[in-house]
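The values are calculated or read from the model by the stated rules, or taken from the named source; none is laboratory data. Just so it is clear, the structure is predicted and the values come from calculations on it, not from any experiment. All Cβ positions, glycine included, derive from the backbone under ideal geometry; neighbour counts span all protein chains shown.
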Amino acid sequence: MTVPATMHALLQKGDGYSGKQTGISIDTLEPYLEYAEIPVPELKDGQVLVRMAMANINPSDLHFIKGEYGQPRQKGKPAGFEGVGEVVAGSGAYAEKLIGQRVAFTATPDGSGTWADYAVTAAKTCIPVKHGMLDEDAAGHIVNPLTAMAMFDLVRKANTESFVLTAGASQLCKLIIALAKDEGYRPIVVVRRNEMTEPLKALGAAYVLDENDADVVEQFKQISRSEKPRIMLDAVSNQLSSDIFFAMPNRANWVIYGKLDSSPITARELGQFVFMDKVISGFWLTKWFNETSPDEQKRVIGEVQDRFISRKWTTDVSAVIPLAEVMEKLPATLAKRAGKVLLTP
Ligand SMILES: NC(=O)c1ccc[n+]([C@@H]2O[C@H](COP(=O)([O-])OP(=O)(O)OC[C@H]3O[C@@H](n4cnc5c(N)ncnc54)[C@H](OP(=O)(O)O)[C@@H]3O)[C@@H](O)[C@H]2O)c1
C-alpha cells in the first residue's frame, strides 16, 4: 500500500500542563485543538504506522488536551490516546511482521495521536484484533476494558460480595457491572441522572443511587448495613465519595481512578484510619501494565476480545464523527451524554 506524503489530524494547541483542574467539560475546542494537514510522521526503529479505522474519545483525552492529565501535551502533535486500524508500515523485524494486521493500540509519547488519518506507535504496544470484534469495540479495546478487568480483580480479592461504583453510567462502569452480574456480585452504583437507574439495574446493578437526592448518604448507610461493601471504585472523587467512604464498614478501600469532579473535598473522620483499618488507594492502567506479567496481560486481552465478540460486552456509541467535522460537532455531541463518541478519518 502506498502511504501518502500528508495527512489530516487534530493537533494539540497547548504545550505541557495548564496548571488548572477544570474537569472534562468543553464548550469549544478552539483553545485546545486545530484541524490541519501535516506530513505523515516518520518511523523510528520499533514503531509502526497505522492507517486509522476508528479512534476513541475517553475522559483522559479531554483532561489531556486541556493540559490536566498525567502526561504533558506536545504542541503541534496529533491528539488522541486510543484507536484501531491497519498496520501499513513498520521499522524493525517485529514491526514489519505486523504489516497488514488490524490492531488496537494506544499512542506512545514518542509516536503520534490517534485523532488523525495515520498514527505512529510502538509495535510492542499493538494488540492484534480477532476477526469477529467490531471496530466500534476495538477502538476502545484497551483503556476501559483492561481497567474494568484489572479493577474487578481488586473486588474479587477484597473478600466482599458488594462494592460501590461512582460515575455509574460511564462505559467503564457498564463493563464492570456486566462482569459483576456474571459472577454474582452486587454493585451499589451512584449516578447523577435518575434516568440511568433502570438501564443499569437491567445490566446488573443491585442498587442505583442518585447523587442529587438530599438523603443519598442515608440511603447508602441503609444499604451498607446489609451489603457491607469493602471496596469503592471511584472516578468522581467528590465530597459524596468521601462521605460514602466514611459510611463504609471496617477495612473499606477507596480506590480512586479518576477525578471527574474537580471541586476540593473534606475528609471528615480520619480516626477511621486508626481504628477501622480503612485505606485510600489509586489505580492507573499504566501502572498495571508495568506490574503485570506479559502472560497475564495476554490472558486478559484474550478475555476482553471474547467478551466483545460474544456480546457479553458492548460499546454504547453516541455518534461517529469524521475528523474534519470534530471542531464543529464534538462539544455538542459530548454534551448529549449518550455514550461513546468515536472518530473516523
Ligand atoms: N485510572 C485509570 O487507569 C483509568 C482507566 C480508564 C478510565 N478511567 C476513568 O474512568 C472514568 C470513566 O471513563 P469512561 O471512558 O467510562 O467515561 P464515559 O463513558 O465518557 O462516561 C463518563 C461518565 O462520568 C460521569 N461524569 C462526568 N463528570 C461527572 C461529574 N462531575 N460528577 C459525576 N459524574 C460525572 C458522566 O455522567 P453522565 O452520564 O451523567 O454524563 C458519565 O457517566 C473517567 O474518569 C476516566 O478517566 C481511569
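All told, GLN272 falls short of being within 13 Å of the ligand (Cβ to nearest atom) and touching a residue at least 12 places away in the same chain (Cβ under 8 Å).
Taking the criterion of being over 16 Å from ALA89 (Cα atoms) and either out of contact with any strand residue (DSSP E or B) (no Cβ under 9 Å at 6 or more places or on another chain) or charged (D, E, K, R) (or both), the residues of the stretch 110-130 that qualify are ASP110, LYS130.
Where residues in the stretch 174-200 are in contact with a helix residue (DSSP H, G or I) (Cβ under 8 Å, 6 or more places away or on another chain) and within 12 Å of the ligand (Cβ to nearest atom), which of them is nearest to PRO145 (Cα to Cα)?
Of the residues in the stretch 174-200, the ones in contact with a helix residue (DSSP H, G or I) (Cβ under 8 Å, 6 or more places away or on another chain) are 174-181, 183, 185-191, 200.
Restricting the remaining residues to those that are within 12 Å of the ligand (Cβ to nearest atom) gives 174-177, 189-191, 200.
Details: LYS174: 10, LEU175: 7, ILE176: 9, ILE177: 12, VAL189: 18, VAL190: 20, VAL191: 20, LEU200: 18 Å.
For the stretch 174-200, the residue satisfying everything is LEU175.
Is it the case that some residue within the stretch 25-40 is within 16 Å of the ligand (Cβ to nearest atom), touching a residue at least 24 places away in the same chain (Cβ under 8 Å) and buried (at least 17 other Cβ atoms within 10 Å of the Cβ)? Yes: the stretch 25-40 contains one or more residues that are within 16 Å of the ligand (Cβ to nearest atom), touching a residue at least 24 places away in the same chain (Cβ under 8 Å) and buried (at least 17 other Cβ atoms within 10 Å of the Cβ). How many residues does the stretch 218-239 contain that are surrounded by fewer than 18 Cβ atoms within 10 Å (Cβ to Cβ) and assigned to a helix (DSSP H, G or I)? So the count comes out to 7. If a residue has to be more than 15 Å from the ligand (Cβ to nearest atom) and either closer than 10 Å to LEU146 by Cα or out of contact with any strand residue (DSSP E or B) (no Cβ under 6 Å at 6 or more places or on another chain) (or both) to count, how many in the stretch 279-300 make the cut? Selection size over the stretch 279-300: 6. A Cβ distance below 6 Å, combined with a sequence gap of six or more or placement on separate chains, defines the contacts here; from the stretch 190-212, residues that are within 15 Å of LEU233 (Cα to Cα) and outside the structural domain of LEU240 (by TED's automatic domain parsing) reach no residue that is away from the ligand (no atom under 13 Å from the Cβ) and not hydrophobic (A, V, I, L, M, F, W, C).
Those residues that are under 18 Å from LYS298 (Cβ atoms), crowded, with 21+ Cβ neighbours inside 10 Å and in contact with a helix residue (DSSP H, G or I) (Cβ under 6 Å, 6 or more places away or on another chain), I need them from the stretch 128-145; list them, please. Result: VAL129, PRO145.
The C-beta contact set for the stretch 328-345 (first residue touching a residue at least 24 places away in the same chain (Cβ under 8 Å), second residue away from the ligand (no atom under 14 Å from the Cβ) and among the hydroxyl-bearing types (Ser, Thr, Tyr), distance under 9 angstrom, 6+ apart or interchain) comprises PRO331/THR28; LEU343/THR114; PRO345/TYR118. None of THR315, THR333 is more than 24 Å from ILE176 (Cβ to Cβ) and of a type in the set (S, T, N, Q) except THR333.
Whenever a residue of the stretch 152-165 is over 14 Å from MET248 (Cβ atoms), its partners that are among the aliphatic types (A, V, I, L, M), lying with C-beta atoms within less than 6 angstrom and at least six residues away or across chains, give the pairs PHE152/ILE176; PHE152/LEU179.
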